[in-house]
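Nothing in this text is a laboratory measurement; each read-out follows from the coordinates by a stated rule. Just so you know, these numbers come straight off a predicted model, no measurement behind them. Reconstructed Cβ throughout: ideal geometry from the backbone, glycine too, with neighbour counts over all protein chains shown.
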Amino acid sequence: MKNILKIVIIFFPAVFFLTNCFAKRLNETHYSIHLASFKLLQNANKYTNSLKTKEKTVFWKKTDVQGKGMFYRVYLGRYDDRKKAMKVWNKLKIEGAVSYCGIYEFHDPVVFNSKINKKRAVEKGQKNQYANNTKKRFIDNKDGTITDNATKLMWIKNGWRLDFFSSVTWNDAVRSCRDFKHGSYTDWELPTVKQWKSLIDTEMQFPALVEPNPFVNIVVHASYWTGTGISDKKLHAYAVSLYSGEIHRQRKKERAFILPVRKINKNNLEGQKN
């Protein structure tokens, strides 16, 4: 009996410590800035796109406000401490974009799970091959597009444009890209899995994109479509979660967001003119 008590006394603190650490990892804390609340998601998108300060990530939560009904609460950024969130909030205040100190604390259980997803993503070969060669890789064309010198691709810079403010089915996403015109270019399409992998870095999170990340307003709480289908009676296509960088298959009737891309090559430097 005494030996059993000794074992309990010796090992209980260690077990308690490990359990406590595990619990914290399951509920890591982050801070985000509450911009505003809107009845219509489209109005939330317009407001976010009007901001001069462009954060890398944006997300929203549909909330039932007592006595007022359902609203979309739009949050910007993802910070590991309140001071960082306050620094960005002060910039927004100077711009007149915010009027009250809306720094919200979130306890996100998905953080731990996303590390599992990262492991799976690496096993699937999603580690970015350009991660160590990003100097002068991206060019901001100052027209809402980004040129990637490493892959000779042109991307739309804004991950939540007014043109694509809502998630859509895969067929609608293909159709939207086919009909999309930006500048003098009309040859936009959904990125393939290979093209998405050129941007994904599974060592990063929220969003899981290679640094320096040239994009703004990337949606992290929902998936983006790829143009790569799966040949099981054409019911599925691949989608990418920029929360963790995981590429997964998804039913085409389900919804995901759109980030158009176009190829740049010697025969098509100017794109297809209107």
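Can you list the equivalent-ellipsoid semi-axes of segment 28-108, largest first and in whole Å, using the square root of 5 times each Cα gyration tensor eigenvalue?
Values: eigenvalues 77, 52, 25 Å².
Over the Cα atoms of segment 28-108, the ellipsoid semi-axes are 20, 16, 11 Å.
Positive contributions from Lys and Arg (+1) and negative ones from Asp and Glu (-1), summed over other residues with Cβ under 14 Å from the Cβ of VAL65, come out at +4. Site pair LYS61 and ASN141 shows an inter-label distance of 3.8 nm when each label is modelled 7 Å from Cα along Cα→Cβ. Ranking of SER167, SER32 by neighbouring Cβ atoms within 10 Å, starting from the fewest: SER167, SER32. Annotation: amide H of GLY102 within the under-5 Å range of HIS34, sequence separation 5 or more or interchain, hydrogens built in the peptide plane.
Rounded to the nearest whole Hz, the Karplus-based 3J(HN,Hα) values (6.51 cos²θ - 1.76 cosθ + 1.60, θ = phi - 60°) of segment 35-40 follow the sequence 7, 5, 10, 9, 6, 10, with x at glycine and proline.
In whole angstrom, how far apart do the alpha carbon centroids of segment 212-266 and segment 148-183 sit? Value for the Cα centre distance between the two parts: 10 Å.
Within 13 Å, Cβ to Cβ, of LYS93, how many net charges do the neighbouring residues add up to if Lys/Arg are +1 and Asp/Glu are -1? Each step should come with its number before you reach the end.
On the way: positive: LYS52, LYS87, LYS91; negative: GLU95.
With Lys, Arg at +1 and Asp, Glu at -1, the neighbours total +2.
Among residues other than THR192 with Cβ under 13 Å from its Cβ, the summed charge is +3 (Lys and Arg +1, Asp and Glu -1).
By count of other Cβ within 10 Å, fewest leading, how are ASP172, ASP148 ordered?
Values: ASP172 15, ASP148 20.
Fewest-to-most ranking of ASP172, ASP148: ASP172, ASP148.
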